[in-house]
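K.L.:
Handing you this structure, nothing more for now.
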Amino acid sequence: MTIHPECDVEKMSDKEILDKLNTFGLNISIESFKEMASDFKSPSKLAHIWSELIYHICYNAVSELWKRHLAHEKNPEILADLVEDIMNTYYDNKDKLDREVYLSIYDKLKILYHDLLKQDGTTDRALYREVEEVVYDDIEGFIFDIIPDFPGHGLVDEAVNLVRWFAQFSEQPNKWSRKVGCILADAGRREDAVKQIHENLQIFPNDVWTVVNAGDAMISLGDSEAAEGYFLKAYRMVKDKSDKIEILERIINLYRAMHLDEKAREFEDEYSKITGPPKPIQAEEKISRNAPCPCGSGKKYKKCCMNKTSI
């Protein structure tokens, strides 16, 4: 029996109508219908909600069959489902993110990466862009932001793999590659870190932050002299004001840690000239963490005076 024109429905009993709706996955009773009708107060609105539920049921069925029988066909919607599953795994476990959760996320990201490869093993950037169009959230930003959490759970190699995999799809591969050196350095793997740093500098010789992060990695490895060399090199390269401020902060803090106060003061003078005297912030004034800092440094408030201590 099929629900077609209104006259067919008019001839059907309540039970027949409800049974037919049930075949579409809508398990509705007269009482639940009355409650929903009371909430939506419109036949068209309620019908729209029901049609969305039916679509969702049908899509899940089609998607599952597609995965089972057409897995060889790379489809952006199916890959988008995998991305959303990965994100849900993270957000649904936000209060209990342990090693097992990160391993689960890693395994799913590994599947996603391999699904984004062409048959010859090269990256399918066009497919990746299509998936980005389907997924509501920022895929690259999500992956990039969670990678630093992996080493804290003993998953250093996994973090490095993720960086190397997804850097291939990024418009800014230098941003990803320089992260590897820091991850390896923080893990105490000096030889691997130094090798990665040299590789990064060869590939991206003009990228200021590749040089800066090389210095950051050397600090993690306890090599202050090497860090100094990288920071000073970046200082000579930098043109952007906000970048220069961050580099100066690194140089000053390094010299203070090395007890080279006279050298620190030389750079403090330049730092003060660029940033100017800090502007007083009223206690009652509420400033967004991501708003420009009121001191005029050009940096975000959370990166500047929100937790400012004297240099």
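K.L.:
Could you list all residues from region 114-152 that are in a helix (DSSP H, G or I), closer than 28 Å to Ala193 by Cβ and over 18 Å from the mean Cα position of the chain (by Cα)?
P.N.:
Within region 114-152, His114 is the sole residue that qualifies.
K.L.:
Another question about this same structure. Condition first: among the aliphatic types (A, V, I, L, M) and either free of Cβ contacts under 8 Å to residues at least 24 places away in the same chain or open to solvent by 20 Å² or more (accessible area, probe 1.4 Å) (or both). Now tell me which residues in region 123-149 satisfy that.
P.N.:
Ala126, Val134
K.L.:
May I pose another question? Just wondering, is there one or more residues in region 123-131 that are touching a strand residue (DSSP E or B) at 6+ places or on another chain (Cβ under 7 Å) and either of a type in the set (Gly, Ala, Ser) or under 30 Å from Glu84 (Cβ atoms) (or both)?
P.N.:
Checking region 123-131: at least one residue is touching a strand residue (DSSP E or B) at 6+ places or on another chain (Cβ under 7 Å) and either of a type in the set (Gly, Ala, Ser) or under 30 Å from Glu84 (Cβ atoms) (or both).
K.L.:
Considering only residues of region 22-41 that are outside any helix (DSSP H, G or I) and of a type in the set (A, V, I, L, M, F, W, C), which is farthest from Glu52 (Cα to Cα)?
P.N.:
Taking the candidates together, the pick is Ile28.
K.L.:
Return the only residue of Ala227, Ala283, Ala264, Ala217 being loosely packed, with under 12 Cβ neighbours inside 10 Å and either aliphatic (A, V, I, L, M) or modelled with pLDDT under 90 (or both).
P.N.:
Ala283
K.L.:
Report the residue count in region 1-21 for those that are more than 21 Å from Ile49 (Cβ to Cβ), modelled with pLDDT under 80 and among the acidic types (Asp, Glu).
P.N.:
2
K.L.:
Of the conditions (1) open to solvent by less than 60 Å² (accessible area, probe 1.4 Å); (2) small (Gly, Ala, Ser); (3) more than 20 Å from Ala227 (Cβ to Cβ), Gly152 clears all except one; give me its number.
P.N.:
(1)
K.L.:
Listed residues Asp85, Asp95, Asp39, Asp120; which is on the phi < 0 side of the Ramachandran plot and either of a type in the set (Ser, Thr, Tyr) or surrounded by 12 or more Cβ atoms within 10 Å (Cβ to Cβ) (or both)?
P.N.:
Asp85
A quick yes/no check of all residues on (1) outside any helix (DSSP H, G or I); (2) of a type outside the set (Ser, Thr, Tyr); (3) more than 19 Å from Ile147 (Cβ to Cβ); (4) open to solvent by less than 70 Å² (accessible area, probe 1.4 Å):
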site	(1), (2), (3), (4)
Ser63	no, no, yes, yes
Glu73	yes, yes, yes, no
Glu77	no, yes, yes, no
Ala80	no, yes, yes, yes
Leu103	no, yes, no, yes
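K.L.:
Let me ask something else. When you check His72 against the structure, is it modelled with pLDDT under 80 and either farther than 30 Å from Leu18 by Cβ or touching a strand residue (DSSP E or B) at 6+ places or on another chain (Cβ under 9 Å) (or both), yes or no?
P.N.:
yes
K.L.:
Which of (1) among the charged types (D, E, K, R); (2) surrounded by 16 or more Cβ atoms within 10 Å (Cβ to Cβ); (3) at pLDDT below 70 does Arg289 not meet, given it meets every other one?
P.N.:
The failed condition is (2).
K.L.:
Name the one entry in Ala185, Ala167 that is of a type in the set (Gly, Ala, Ser), surrounded by 16 or more Cβ atoms within 10 Å (Cβ to Cβ) and closer than 19 Å to Gly229 by Cα.
P.N.:
Ala185
K.L.:
Which of (1) under 25 Å from the mean Cα position of the chain (by Cα); (2) surrounded by fewer than 22 Cβ atoms within 10 Å (Cβ to Cβ) is the odd one out, the single condition Val180 does not satisfy?
P.N.:
In the conditions (1) under 25 Å from the mean Cα position of the chain (by Cα); (2) surrounded by fewer than 22 Cβ atoms within 10 Å (Cβ to Cβ), Val180 misses (2) alone.
The values are calculated or read from the model by the stated rules, or taken from the named source; none is laboratory data. These figures come from a predicted structure and were not determined experimentally. Positions of Cβ are backbone-derived with ideal geometry, glycine not excepted, and every protein chain shown enters the neighbour counts. Surface areas here come from the heavy atoms of the whole protein model, side chains and all, with no ligands, DNA or RNA. Shrake-Rupley method; radii C 1.70, N 1.55, O 1.52, S 1.80 Å.
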